[in-house]
Amino acid sequence: MDTIQSIIIAIVEGLTEFLPISSTGHMIITEKLLNLSESDFSKVFTVAIQLGAILAVVVLYWKKFFDFKNWKFYAKLIAAVIPALILGFLFSKKIDALLESSLTVAITMLAGGIILLFIDNVFKEHTIDSEKDVSFPKAILIGVWQCLAMIPGVSRSAASIIGGMQQKLTRSAAAEFSFFLAVPTMLAATGYKLLKYYKEYGGFSSNEIKQLAIGNVVAFIVALLAIKFFIGFLKKHGFKVWGYYRIVVGIVLLVLIYTGYISR
């Protein structure tokens, strides 16, 4: 992996991590289009640069994350991330296998796009517009919804936002809770991957450290802009645009797969 490839993948991560279009799916396809070899480091890189995106959430919502008197906020996030931790641990090998499948991404992009076209009409009743009004049971159920994103192409953001709306959160409140939930979820996933790589290879080379640093900085800057844009856009326009986008991408991917341009 060279510097240009690192920057491109990090831009994709920053743009897509908090949008309901699947950052994992986009990075898988980006790697294939770049003809990037599927090395163990490239797999770690795509997860580790999520740290930059996480930092963007913490910076934008620093008052929330550093209000240590509000212990319920932290407790709810911990409760909500437990389902993902359990399932991620139990099915890590199967999840890793799915991460290599372009066809899985194409199918889930299409299916998710169709769902987003109608989701605003399905969950019309919104009575919660603040994280403070999210109960512990609701937080856990949103965390269960988030687990759907272990299938590449589903989108962690989409799954958790839809879970929030199903629990009667407004679109903007569901999106913000999804951002908050991303922090412990992605920290756990990144920490696990980094530790596993360190144990297997005894550390990172100077070039690998350089690529990780560049990737995280780029992902952080791009994610800052993407989060600000998404909240405003979601309030005004809802999910239909993202649904159409996913459908178009899914169809394009199927064409590329069946013409042999990218592997399954």
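The values are calculated or read from the model by the stated rules, or taken from the named source; none is laboratory data. These numbers come from a predicted model, not from an experiment. Reconstructed Cβ throughout: ideal geometry from the backbone, glycine too, with neighbour counts over all protein chains shown.
When segment 127-166 is limited to residues that are farther than 19 Å from residue 82 by Cα and surrounded by fewer than 16 Cβ atoms within 10 Å (Cβ to Cβ), the one that is farthest from the chain's Cα centre (by Cα) turns out to be 127. Residue 225 passes every criterion in (1) surrounded by fewer than 16 Cβ atoms within 10 Å (Cβ to Cβ); (2) over 18 Å from the mean Cα position of the chain (by Cα) apart from (2).
Tallying residues that are farther than 15 Å from residue 113 by Cβ, crowded, with 16+ Cβ neighbours inside 10 Å and more than 18 Å from the chain's Cα centre (by Cα) within segment 234-264 yields 3.
Entry remark, segment 228-262: residues being β-branched (Val, Ile, Thr) and within 15 Å of residue 171 (Cβ to Cβ) number 2 in total.
Hey, could you check segment 39-70 for residues that are among the charged types (D, E, K, R) and in contact (Cβ under 8 Å) with a residue 60 or more places away in the chain and say which is farthest from residue 177 (Cα to Cα)? Before you say what the answer is, go through the steps one by one.
Pass one, segment 39-70, residues among the charged types (D, E, K, R): 40, 43, 63-64, 67, 69.
Checking which are in contact (Cβ under 8 Å) with a residue 60 or more places away in the chain leaves us with 40, 43, 64.
On the way: 40: 32, 43: 27, 64: 11 Å.
Step by step, filter segment 39-70, then rank; the result is 40.
Entry remark, segment 222-241: residues being in contact with a helix residue (DSSP H, G or I) (Cβ under 7 Å, 6 or more places away or on another chain) and more than 16 Å from residue 21 (Cα to Cα) number 2 in total. Being touching a Lys or Arg at 6+ places or on another chain (Cβ under 7 Å), outside any helix (DSSP H, G or I), touching a residue at least 24 places away in the same chain (Cβ under 8 Å) and under 25 Å from residue 7 (Cα atoms) is a condition met by no residue of segment 151-168. Residues in segment 213-247 that are outside any helix (DSSP H, G or I) and either at pLDDT 90 or above or touching a Pro at 6+ places or on another chain (Cβ under 7 Å) (or both): 239 only.
Rundown of residues vs (1) within 19 Å of residue 150 (Cα to Cα); (2) of a type in the set (S, T, N, Q); (3) in contact with a helix residue (DSSP H, G or I) (Cβ under 9 Å, 6 or more places away or on another chain), yes/no style:
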{"position": "11", "(1), (2), (3)": "no, no, yes"}
{"position": "14", "(1), (2), (3)": "yes, no, yes"}
{"position": "19", "(1), (2), (3)": "yes, no, yes"}
{"position": "23", "(1), (2), (3)": "yes, yes, yes"}
{"position": "57", "(1), (2), (3)": "no, no, yes"}
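Considering every residue within segment 135-144, establish whether at least one is within 14 Å of residue 20 (Cα to Cα) and small (Gly, Ala, Ser). Taking every residue of segment 135-144 in turn, none turns out to be within 14 Å of residue 20 (Cα to Cα) and small (Gly, Ala, Ser).
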